[in-house]
Structure formats: C-alpha cells, structure tokens
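What follows is one structure encoded as structure tokens, with my remarks underneath.
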Amino acid sequence: QVQLVESGGGLVQPGGSLRLSCVASGSVFSIDAMGWYRQAPGKQRDLVAAITSGGITNYADSVKGRFAISRDNVKNTVYLQMNSLKPEDTAVYYCNTQYTTKIFYRDLEVWGQGTLVTVSS
C-alpha cells in the first residue's frame, strides 16, 4: 500500500557530501517512523538514522555529528544529509517507512529498493 522511491546516491570523494531522499506514496491512515539503513558488502543491514512523525531522531554512533535526518510530513519525504563522508560509509542505503493502514489500522513497514553510496578517491 506504500511505495518508496529513493534518490541521491552516487560516487563521492572522502570528505564530501551527499543528500538522499525517499518519497513515500500510497493511500494510508498515517506515515509513522521513517529511517535509513545501510548494508555494506558481506555485512548485515544496520540502522543509520531514524525519525518519528513528531521529529524525534536517532542515529548510529558512527554517523553522529556527520549525518542529519529530516522529513517533510506534507510531502511524505525523508532526507539524509551526509557530510564528511568516509570510505567506510560505502554501502547500499535503504529507506524504511512504518505506516498504519486505513483498513483495520494495521502497523506495517516497507523498504525501498536501495541506493548505492560509494565514497572513494
């Protein structure tokens, strides 16, 4: 019932910046928490940052002070501003959205298709 479209990944040099965007579309009762996860080759998918509908944020220790998550509740869009990027930030970044359905008010979640971020000189 919710589809996610991510954009903004690419190749950037160490120390550079990128901004990821994720737009949620669909007919639902509410869009709840939104977040970004990443998965490097051979590793598990880990939380990078998340934000509630009220704007409360949570970050992985490895990105605190460098990344900033924000959202536009009117546009149902979540952003991840990534600054001072390091080679170890290289991964596929996935958008995750939790939402409540109109029928039966079920709490579900959906994942985006992923966008590759490569930090390399």
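The values are calculated or read from the model by the stated rules, or taken from the named source; none is laboratory data. Computed from a predicted model, the values in this text were never measured in an experiment. A quick note on method: Cβ atoms are made from the backbone with ideal geometry, for glycine too, and the neighbour counts reach across all protein chains shown. Please note that ligands, DNA and RNA were not included when accessible areas were found on the heavy atoms of the full protein model with its side chains. Shrake-Rupley method; radii C 1.70, N 1.55, O 1.52, S 1.80 Å.
Could you work out the longest stretch of the chain that avoids the trypsin sites (Lys or Arg not before Pro) located in DSSP loops with at most 14 other Cβ atoms within 10 Å?
1-42
Provide the per residue accessible area, probe 1.4 Å, for the range 1-88, rounded to a whole number of square angstrom.
So the range 1-88 comes to 54 Å² accessible per residue, rounded to a whole number.
ALA60 versus SER30, label points 7 Å from Cα toward the beta carbon: distance in nm?
2.8 nm
Summarise the accessible area of the range 1-115 (1.4 Å probe, protein heavy atoms) by the percent that is carbon and sulfur.
51 percent
Where does the chain land on Rg/Rh, using Cα atoms and the Kirkwood Rh?
0.98
On the principal axes of its Cα set, how long, how wide and how thick is the range 50-121? Give whole Å, largest value first.
For the range 50-121, the Cα extents along the three principal axes come out at 50, 24, 22 Å.
What full-extension length gain, to one decimal in nm, is calculated for SER17 and SER120 as 0.36 nm per residue of separation minus the Cα-Cα distance?
Length gained between SER17 and SER120: 35.9 nm.
Chymotrypsin sites (Phe, Trp or Tyr not before Pro) within the range 54-121: which are DSSP loop residues with at most 14 other Cβ atoms inside 10 Å?
Here the sparse-neighbourhood loop sites are PHE104, TYR105.
For every other residue with a beta carbon closer than 15 angstrom to the beta carbon of ALA49, add +1 if it is Lys or Arg and -1 if Asp or Glu, then tell me the sum.
Taking every other residue near ALA49 into account, the sum is +2.
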